[in-house]
1. Of the conditions (1) crowded, with 22+ Cβ neighbours inside 10 Å; (2) in contact (Cβ under 8 Å) with a residue 60 or more places away in the chain; (3) in a loop (DSSP other than H, G, I, E, B), Phe276 clears all except one; give me its number.
2. Going through Arg191, Arg208, Arg144, Arg195 one at a time, which residue ends up being at negative phi, without any contact (Cβ under 8 Å) to a residue 24 or more places away in the chain, in the same structural domain as Ser72 (by TED's automatic domain parsing) and surrounded by 15 or more Cβ atoms within 10 Å (Cβ to Cβ)?
3. Condition first: surrounded by 20 or more Cβ atoms within 10 Å (Cβ to Cβ), over 22 Å from the mean Cα position of the chain (by Cα) and not charged (D, E, K, R). Now tell me which residues in region 325-349 satisfy that.
4. Check off (1) outside any strand (DSSP E or B); (2) of a type in the set (Lys, Arg); (3) touching a residue at least 60 places away in the same chain (Cβ under 8 Å); (4) in contact with a strand residue (DSSP E or B) (Cβ under 9 Å, 6 or more places away or on another chain) for Arg7 and give me the number that stays unchecked.
5. Taking the residues in region 619-630 that are out of contact with any Lys or Arg (no Cβ under 9 Å at 6 or more places or on another chain) and closer than 14 Å to Ala653 by Cα as candidates, determine which candidate is surrounded by the most Cβ atoms within 10 Å (Cβ to Cβ).
6. Testing Val430 on (1) among the β-branched types (Val, Ile, Thr); (2) closer than 23 Å to Cys348 by Cα; (3) part of a loop (DSSP other than H, G, I, E, B), one condition comes back false. Which one is that?
7. Which members of region 91-122 meet the condition of being more than 23 Å from Ala46 (Cα to Cα) and over 22 Å from the mean Cα position of the chain (by Cα)?
8. What is the one condition in (1) at negative phi; (2) of a type outside the set (A, V, I, L, M); (3) in contact with a Phe, Trp or Tyr (Cβ under 7 Å, 6 or more places away or on another chain) that Gly322 does not satisfy?
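The values are calculated or read from the model by the stated rules, or taken from the named source; none is laboratory data. Computed from a predicted structure; not experimentally measured. For neighbour counting, all protein chains shown are included, and Cβ atoms are generated from backbone atoms with ideal geometry for every residue, glycine included.
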Amino acid sequence: MAPDTGRDPRFDILFEPVRIGPKVARNRFIQVPHCNGGGYRDPSAAAEMRRVKAEGGWAVVFTEQVEIHHSSEITPFIELRLWDDRDIPALARMAQAIHEGGALAGIELAYSGINGPNLYSREVPRAVSPGPILTFTPDPVQARAMDLSDIADLRRWFRNAFLRAQRAGFDVVCLYGAHGFGIFQHFLSRRTNRRSDAYGGSLPNRARFLREVIEEGREATKGEVAISVRLSLEEAGEGGFSNAELRELVALYPELPDLWDFAHGTWEDCSAPSRFAPEGAQEALVRGLKALTPRPVVGVGRFTSPDAMARQVRAGILDFVGAARPSIADPFLPRKIAEGRFDDIRECIGCNICISGDLTQSPSRCTQNPAFMEEWRKGWHPERLRPRGESRSVLVVGSGPAGLEAARALGARGYEVALAEAGRDLGGRVARERRLPGLGAWGRVADWRTGQIAKMANVAVYRDSRLSAEDVLAFGAEHVCLATGALWRRDAVARFHLDPVPTDPAMPVFTPDDVMDGRLPAPGPVVLYDDDHYYMGSVLAELLAARGCRVAFVTPAQRPADWAWNTLEQGRIQRRLLELGAALHLSRAPVAVEAGAVRIACTFTGREQRLEAAAVVMVTSRTGEDALARELAARRDDWARAGLRSVRLIGDALAPAPIAWATYAGRAYAEALDATDPGDALPFRREIAALAPPGWQHPRAMPAAADAATSAAPTGRRRARPAGAPRPARPAPP
C-alpha cells in the first residue's frame, strides 16, 4: 500500500497496525469471509478477486467457507474445498495472490454438520445431535449424531485442515461457527446440541470441542498461524445461543483465539439489505464484547462511512472494521480512505445482488462494481481500464445505470464522450427508484458515476436532449451507444401470461412507471399483480398501503417476491406485506380485468375467484425502448457520410434486467470498443477440471485383473470346482 501522506488525521486510527497472535495486520481493515459463487469451480477467478482486495489496502483478506472433509458438504452451493492434499494448489494460488497485494491471507474452515446434506458425497451427514438437515433447501435428509469416536475423527480432520492451510501459505485460520452454519455453533447452541455427555449441557461442555480444535490447531501449526473464531452475536429462538451466552463464553475463555470475529445472528440478519437495516445495525449486540477479552475483535455492519468506522474503533467497540459487501463494491475502500479520496469511494448500496451468485451457483456480481468476479475471467480491474483504441469519439444516449457506466468507463479510457439525457435528472431508472420506500441507498449507483464523470474534462453531459436519428447522425460521433432504458408493460404479459389479459377499459390500470411518475391509484381496494418476482411489487405495495390503499397482492408464485430468496430478503418482504395488512393471493393469476373487479384463478386447479378493486397495478415485464436504434438501423446507408462506424443497443433497452446487469452492460461496452473481435472464441477465461488418468480406480474398487477375468468367464454355467479342492481364499476387507 502506498505511503499514507496527507491522510486526514481523523482516520489515522484506522491505519494503525494490530497484532493477531503471531501475525501483524498492517491496518484495521479486514475483508471477512464471503462467498462469490466460484469456489472450487473457479479457483483462479476467486484468487484474482481476492488479490485485488489486497491491492486495495485490506490488511487481512479471507476466503469464503472452505469445506474440510467430504463427509460434510453443502451441494448445490459451490464453496472451496480442502478435502485432501490435491486441494492445496488451488488454495495456495489464492494465498499467494493475497500476499502479492501485501495482505495477510486468511482461510475459513468449515464443517457443516446438520447444515450439510451431502448430495455430492452421499455420505450420511454427521451432526452434534440427530435431526433433519437445516439449510436453504428442504432436503429430505437427516443427520446422525456423532459419537465420541466421530468427534475424535473430526478433531483430527480439523488438525489436518490446519496443516494443509499452513502448507498452502495462509496466515490466519478462521473457524466458522456463525449464521446458524458450522459445527462450532452447533455445539454451542442448545437448539442443536441435545447431548448429555461431556460435550453437552453446561456452556464449558458445549465449548469443549471449540477449545480442543483451537488448542490442537495451535499445536499442529507450532503457533505460527493465527487463529480466529467467527461466531454469531445471537441466535434467535428458544434455546438459541444468545448474546448473553456469547458474552459468558468470551469471559470464560478470553484468550482462546487470537481474534474474535462476531457476525449477526442468521445470514439474513448479518447481510440484511439496506431496505431493511441501516449501516452499523449490529452495534448494540457487539458493544461491550471487546472489554471481555485482550484479543482483538472484528465486527461487520455494511460499513461505507469512514466516520462510522473510526467512531467504532475510537469508542472501543471494535479493533477491526470487517466488511464483505463493502469490500465487493469497492475493493480499494481502505486505500481511498488513506488517500483522502472520499468522493471516489464506490459505496455498497446493500442490494445483495452479490449474494445471489452463491444462491444461484453462478459467478457473483455487484451492482456498483461490475468488475467483481471478472478480474481474472475478463481481465477487468475495478480502478484501471486500458487506454483507448484507435477511435476518438462516442455518443452515449441515455443516462441510466448502463449509460452512466458506459460514459464513465469510456471517459476513463480516454475517449471524447458525449452523454445525452432526454430529461433533467441523470440516473434513469435509478433516479426514479431511489424515491421508493427503502431504496434511497440505491441512488448511490447514479451519484458515484455522475461524480466521477464530473471530474472528466473529456466527458460532456447534455441534459434535456431527446435525440432523433437525424440528431445522432448530425452529431458526428464515430460510435453511438444507445442506453435508452425500458418501460413497464400494463397488459400482464410476463412469465405466466404470454398474451395480454382481457381488460375492460373502465378499470384504471397502473404500471410502476406511472407510480414513480406520481400517478397513483386513489385510496381504496387495489389489486397488485406481481409476475416480476423481485423487489418492485412489494415496494409498490408498501407505497400504496401508506397511501391508504387496501392491497390484494396477487402472484403466480408460491410466495411473494420469490426471486428475492436469492438476495436473502424474501422472508422480510413477506413479513412486511403481512404487517401492512396486504392480502396475499399466492399461486394465483388474473383471468380478466373487469370494471370494478379482477377475476383470478389458481395456477394449479384453475378455480376462480373475484377480487373487488378500484384499480390494478401491473408489475410484470418491461419492453426495451429501442425506437431510436430501429430508426438508425433504417438509415444504415447514411452512416458513412456522417462518420458513424457503429451503433450498439445496451442495458435495459436491449434486454431488461436488474440494475447490476445494466452497469455490467455499460462496462462491457466500454471494454469492447476498439477491441479485436474474438470471433467464435469464448469472451472470458474458464477453468476445466482435469481428467483422472485412464484406468484409475479407487483402492476399494474391484481390481482390474479380477474384473477382466470375471467378464471373460464363459456365460451360461459356472466352471465346476473339482471335488475336494479347497475354496479360493477371499480377499481381506479393505
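1. Result: Phe276 fails condition (1) only.
2. Going through Arg191, Arg208, Arg144, Arg195 in turn, the sole match is Arg208.
3. Ile337, Ala338
4. That leaves (4) as the condition not met.
5. Leu628
6. (3)
7. Listed by number, the residues that qualify are Gly113, Ile114, Asn118, Leu119, Ser121, Arg122.
8. (3)
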